[in-house]
Amino acid sequence: MIQVKTGVIFLLMLFFGGKISAQESYNACNSALEICPQTTFTLNNIGANKTLCASCEDDFTFCFTSNNSIWLTFTTNEFGGNVQVDFSNLVFETNPGQDAELQATILEAAIPCNAASYTQLGTCVSTGAGPFTLNAAGLLPNTVYYIVVSGDNTGAGITSAAECTFDLILSGAGVNRAAPGISVASSSPICRNQVTDISVYVVNCPDSIPFRWYLNGNLVAVTNDNFYLTSELENGDVITVETNCYTICPIPMTVSTNPITVVDFPIDAGPDQFINEGDIVQLDAQTTADTFYWSPSFGVSNDTILNPFVQPDQTTIYTFTATSNGCTFTDNVTITVENQLFFPNTFSPNGDGENDTWEVLGIENYPDCQLKIFNRWGQIVFEATGYSKAKAWNGEGKLGPLNESVYYYEMYLRDANKSMLKGSITLIR
């Protein structure tokens, strides 16, 4: 088996003059190579053949008869006009009896790859032994045209058609395209965890989607929109955007942001604390920001220092707000006043795990309490006796879940003073 393969390879090498050649894909008209303007293509017709039958792709005799044709195609721009095709750096195969001249022309095909529909345009070269040019004037806009290239096979002593490697450049007003441009914009500096809009802008760049977004070289998104939203940027990050301009003969475009400045600084409102009613406690915040303040400011000894004193009469959440370099961050601290009752004025029993029940803080100190909930018409919709039942209401009434509305409570503490507290509750679904 090895000897058979070796023999076949040897015969092929003899047939192709000492080397093995394969036909290029653009040997056939229906797989013609798309030629882009102002781009150098290195091509060849080595090993090409011709397809010859009635109206087949090579069934024409304009200024030459096809022998070993290759097919190229191009599309004019939205204006149309003159085109020029320059052939250079022609390097011919030099086998005995082989011609050394190229043939080439530009064709318009009413029916693609059907020779009966061809119209030859502009110049036609049948004996191109060195650099040469094809010219065609007044081509229609947004129209597909073909370039056919073949090897000559005429002359004394010629036994095989020319095979050649060459460079080709397409140019002219009919195919030239405006140079595309791309730029990127982002707000900088930005604040930590801020949602940032990175936008890319393109000019002379039709069909410029999708956009591929990279964060420090790693692909993070592919969008059809020209913007990317993120809240995960860190100081020094670089966003790079890639896209292509033009569907036919796409031009890749890339642009990157400068390293992004992200403003960040430490902020800590201090630990949560528990105090008894009437106690005074000192808050203990930390930050490097330029300005800061506490809220609510009521009952705060000085709301613009890090360590003010407070004396809340009920459990209170204090918010510490700090600003530096145009960025503002906040942190909270809770001061819980023990043995005190705190009646929330709203809750949302929607099953999201947050604020699903109306919980009375401190009610555990009144184990025999009684709770009554009324609607706005004064009807009792819920009641419970004892701490274990009255400590948290989930928005259920006697007949099932209650609608969004304002309800009213009466809490009988059943303490030594026979205290009764009342107020309103807003139920939000």
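The values are calculated or read from the model by the stated rules, or taken from the named source; none is laboratory data. Quantities reported herein were computed from a predicted structural model and do not represent experimental measurements. Here the Cβ positions follow ideal geometry from the backbone for every residue, glycine too, while neighbour counts run over all protein chains shown.
Below are the figures for this structure:
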{"quantity": "Sole exception among (1) among the polar types (S, T, N, Q); (2) in the same structural domain as THR323 (by TED's automatic domain parsing); (3) in a strand (DSSP E or B) for SER297, by number", "calculated": "(3)"}
{"quantity": "Residue count, region 155-168 (criterion: more than 15 Å from ALA136 (Cβ to Cβ) and touching a strand residue (DSSP E or B) at 6+ places or on another chain (Cβ under 7 Å))", "calculated": "8"}
{"quantity": "Qualifying residues in region 257-284 (those that are in contact with a Phe, Trp or Tyr (Cβ under 9 Å, 6 or more places away or on another chain) and surrounded by 13 or more Cβ atoms within 10 Å (Cβ to Cβ)) - the one farthest from VAL220 (Cα to Cα)", "calculated": "VAL281"}
{"quantity": "GLY378 out of contact with any Cys (no Cβ under 9 Å at 6 or more places or on another chain), more than 27 Å from ASP272 (Cβ to Cβ) and in a loop (DSSP other than H, G, I, E, B)", "calculated": "yes"}
{"quantity": "Scope region 118-176; condition free of Cβ contacts under 8 Å to residues at least 60 places away in the same chain and in a loop (DSSP other than H, G, I, E, B); matching residues", "calculated": "ALA129, GLY130, PRO131, THR154, GLY155, ALA156"}
{"quantity": "Tally, over region 337-359, of residues that are closer than 28 Å to GLN282 by Cβ and part of a loop (DSSP other than H, G, I, E, B)", "calculated": "5"}
{"quantity": "Residue list for region 305-336, filter: in a loop (DSSP other than H, G, I, E, B) and within 30 Å of SER187 (Cα to Cα)", "calculated": "ASN325, GLY326"}
{"quantity": "Region 177-187 - residue that is of a type outside the set (Lys, Arg) and assigned to a loop (DSSP other than H, G, I, E, B) and, of those, modelled with the lowest pLDDT", "calculated": "SER187"}
{"quantity": "Elements of type strands (runs of 3 or more DSSP E) in region 188-294, at least 3 residues being in contact (Cβ under 8 Å) with a residue 24 or more places away in the chain, under 30 Å from THR76 (Cα atoms) and not hydrophobic (A, V, I, L, M, F, W, C)", "calculated": "239-245"}
{"quantity": "Members of region 78-96 found to be surrounded by fewer than 21 Cβ atoms within 10 Å (Cβ to Cβ) and under 23 Å from VAL144 (Cβ atoms), listed by number", "calculated": "GLU78, PHE79, GLY80, GLY81, ASN82, GLN84, ASP86"}
{"quantity": "Residue in region 305-316 that is without any contact (Cβ under 8 Å) to a residue 24 or more places away in the chain, hydroxyl-bearing (Ser, Thr, Tyr) and within 30 Å of LYS372 (Cβ to Cβ) present", "calculated": "yes"}
{"quantity": "Filter result for THR105 (part of a strand (DSSP E or B) and more than 23 Å from GLN38 (Cα to Cα))", "calculated": "no"}
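Residues are listed down the side, and each one gets a yes or a no for (1) crowded, with 18+ Cβ neighbours inside 10 Å; (2) of a type in the set (S, T, N, Q); (3) within 30 Å of GLU34 (Cα to Cα):
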| site | (1), (2), (3) |
| --- | --- |
| ILE147 | yes, no, yes |
| ASN153 | yes, yes, yes |
| SER160 | no, yes, yes |
| ILE169 | no, no, yes |
| ILE182 | yes, no, yes |
| SER187 | no, yes, no |
| ASN193 | no, yes, no |
| VAL200 | yes, no, yes |
| ASP207 | no, no, yes |
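This table checks each residue for (1) touching a residue at least 24 places away in the same chain (Cβ under 8 Å); (2) surrounded by 13 or more Cβ atoms within 10 Å (Cβ to Cβ).
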residue: THR334; (1), (2): yes, yes
residue: PHE342; (1), (2): yes, yes
residue: ASP352; (1), (2): no, no
residue: ASN375; (1), (2): yes, yes
residue: VAL381; (1), (2): yes, yes
residue: ALA384; (1), (2): no, yes
residue: ALA390; (1), (2): yes, yes
residue: TYR412; (1), (2): yes, yes
residue: ASN417; (1), (2): no, no
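Table: residues versus (1) part of a strand (DSSP E or B); (2) buried (at least 17 other Cβ atoms within 10 Å of the Cβ); (3) not basic (Lys, Arg).
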| position | (1), (2), (3) |
| --- | --- |
| THR42 | yes, no, yes |
| ALA48 | no, yes, yes |
| CYS53 | no, no, yes |
| ASP58 | no, yes, yes |
| CYS63 | no, no, yes |
| ASN68 | no, yes, yes |
| THR73 | yes, yes, yes |
